[in-house]
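Below is one structure, written out as structure tokens; the observations come after it.
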Amino acid sequence: MNIQSRFLFAVVVSAVAVLTPDSAIASNVRIAAFQADVTPPIGSPLCHGNVSNALCVVDPLTARGVVLLAADQKPIVLCAVDWVVNSNAGYDEWRKALAEAAGTTVERVAVHTVHQHDTPGCDFTTEDLLAAQGLTNKFSNVPFAHEAIARTAKAAREAMRQPKAVTHVGVGQAKVEQFASNRRVAGPDGKVKYVRYSACRIPAARAAPEGVIDPFVRVLSFWDGDQPRAVLSYYATHPQSYYGRGGVSADTIGMARAMREAALPGVPLIHFDGAGGNVTAGKYNDGSPENRPALARRLARGLEEAWTATRKSPLRAADIEWHVKAVALPLREELADEALAVKLLADTSAKVGERARAARQLAWSRRCKAGHRIDLSCLWIGPARVLHMPGELFVEYQLAAQRMRPDAVVCMAAYGDNGCGYIGTEIAYSQGGYEASKVSQVSPKVEKVLLDAMKSLLGAEK
């Protein structure tokens, strides 16, 4: 190479170095954010037909997520859907479709619902049982569910054509004031005296302390230098302020998310509901429509403060790990004998809601008996650990996870596969209350199963 050639080569190398930061070259991490509309057609059942069918659309619903690409690792997909639940074969179909779209394995896909109640759900296993009784599309809108899954997978596939470079990861947290409260208000005997639902008008229940909650919202952000590329947020609570009037809505979470998007134009925001199975806004909400924007503003303020408190650190592909542990959740003993559920499902004189609940019990019972296992997963990314959990998980699990790794920022997304319904702590099953005594489909032994799995996923076994 002559002197002139060496000079030109040096100029080109210098130009590339200026255009491409050293951290970007070293990190070899990229991200692709995707979003799809998953608003159901008018007439679709909402909340599994338990509250109302869709009469109008108050605000649209979305499925949002990111595909994380790190060097030679297979892609990781994280997705949050503005639906009440995805369960059993419906949950399986969501993961399979997104895995195929991203060119990865199902084990590296985490799909969660935000759990707003004026939204549809998806459970093809239960739907098959109901269809055999002539109850097709009474539980959910099956054709639309398939369409929404395909639409979201297409959005993910298209987003991967233009992934963005990531050089840093940011983490921040802040307290959310006057939103969350524990829904299980105990009496002097330690038993549940009041169930403080999302909207509560019982003065004594509203006057009781907040109880056990996680008051903090956490944000995990991805950056290319000083440019944010995506923000993931985590907060543990039931998100609805009022529901059951036929108005499809992303509710308080959707409103707060929109407020933050307006403040960060062009930056995708994906919100995950934490372990809020026993947490609602009941202490601060009587169900009045004007409370919805008030609660949304409180959450948006917490999100803003968490964003302001964010601390960034360089991110390399070597700083990203994905851990998976498949667990068999123990079936509730009362569901082991299927005779009553089979009889109720076939009873044409029973209410559709009662028959649907019987079908859900049968769907879960049969999957358990067939040896079905649920994937729990944990994303290790820089200073953060993100756990992906099933069901309507009690907040005590989220707090336990944080105690397991006090050296890290621990985020949790619950409402993965919701075939199991509520997941209480062991003691909760002896305390009464709606969640553990009536609708949970797992036994008290579930606590040890999940805590052991969480310790393994978080690397906290020692």
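Taken together, the values in this text are just the output of simple stated rules run on the coordinates, not laboratory data. For clarity, every value in this text was computed on a predicted model and none was experimentally measured. Note that we place each Cβ from the backbone using ideal geometry, even for glycine, and neighbour counts take in every protein chain shown.
Counting only DSSP beta bridges with both residues in the range 277-434, what percent are antiparallel, rounded to the nearest 5?
Of all bridge pairs located within the range 277-434, approximately 65 percent are antiparallel.
Defining a contact as two alpha carbons under 8 Å apart and six or more residues distant in sequence, what relative contact order in percent does the range 126-238 show?
Contact order relative to length: 26 percent.
Taking Cα pairs under 8 Å and at least six residues apart, what relative contact order does the chain come out at, in percent?
Reported relative contact order: 18 percent.
Through the Karplus equation 6.51 cos²θ - 1.76 cosθ + 1.60, θ set to phi - 60°, convert the phi angles of the range 108-119 into ³J(HN,Hα) values in whole Hz; use x for Gly and Pro.
9, 10, 10, 10, 9, 9, 7, 6, 5, 8, 8, 9
When DSSP assigns beta bridges and you keep just the ones with both residues in the chain, what percent turn out antiparallel, to the nearest 5?
Around 75 percent of the beta bridges assigned by DSSP in the chain are antiparallel ones.
Work from the charge dipole of the range 371-462 (Cβ charges, +1 for Lys and Arg, -1 for Asp and Glu, about the Cα centre) and give the residue of L379, Q441, A413 farthest towards its positive end.
L379
Where nothing but the Cβ of Lys and Arg (+1) and of Asp and Glu (-1) is charged, how large is the charge dipole of the chain around its Cα centre, in debye to the nearest 20?
360 debye
What residues have an amide H closer than 5 Å to that of L376, excluding those fewer than 5 places away on the same chain, when H is modeled at 1.01 Å from N in the peptide plane?
For L376, the qualifying residues are K325, A326, V327.
Considering the Cα positions of the range 408-459, please state its Rg to one decimal place and its Dmax as a whole number of Å.
When restricted to the Cα atoms of the range 408-459, Rg and Dmax are 12.3, 36 Å.
Take the alpha carbon atoms of the range 232-311, find their center, do the same for the range 145-163, and report the distance between the two centers in whole angstrom.
25 Å
Among A336, S365, L61, which residue has its Cα positioned farthest towards the positive end of the charge dipole of the chain, with +1 placed on the Cβ of Lys and Arg, -1 on the Cβ of Asp and Glu, and the dipole taken about the Cα centre?
Result: L61, furthest along the dipole toward the positive end.
Taking amide hydrogens as modeled 1.01 Å from N in the peptide plane, which residues meet the under 5 Å criterion relative to A250, leaving out close sequence neighbours?
Here D59 satisfy the definition.
Along the Cα-to-Cβ line of T105, 7 Å from the Cα, sits a label point; which residues in the range 61-92 have backbone N less than 16 Å from it?
Residues 70, 72-77 fall inside that zone.
What are the residues whose amide H is under 5 Å from the amide H of R184, where those residues sit 5 or more places off or on another chain and H is modelled from the backbone?
R196
What lysines does K369 reach when the alpha-carbon gap must be under 17 Å and sequence neighbours fewer than 8 apart in one chain are set aside?
By straight Cα distance, K369 reaches K445.
What percent does the relative contact order of the range 212-251 come to when contacts are Cα pairs within less than 8 Å and at least six residues apart?
Normalised by residue count, the contact order of the range 212-251 is 32 percent.
Under the Kirkwood approximation for Rh and a Cα-based Rg, what ratio Rg/Rh is obtained for the range 62-172?
Checking Rg against Rh, the ratio lands at 1.04.
Among A70, G134, F144, pick out the residue whose Cα is farthest towards the positive end of the charge dipole of the chain, where Lys and Arg carry +1 and Asp and Glu carry -1 on C-beta, about the Cα centre.
So the residue we want is A70.
Once phi is turned into ³J(HN,Hα) by the Karplus curve 6.51 cos²θ - 1.76 cosθ + 1.60 with θ = phi - 60°, what whole-Hz value does each residue of the range 450-457 show in order, with x for glycine and proline?
Computed from phi, the couplings for the range 450-457 are 6, 5, 5, 5, 4, 4, 5, 5 Hz.
Mean residue ellipticity at 222 nm from the helices of the chain, using -39,500 (n - 2.57) per DSSP H segment of n ≥ 4 over the full residue count, to the nearest 500 deg cm²/dmol?
After summing the helix terms and dividing by residue count, I get -10000 deg cm²/dmol.
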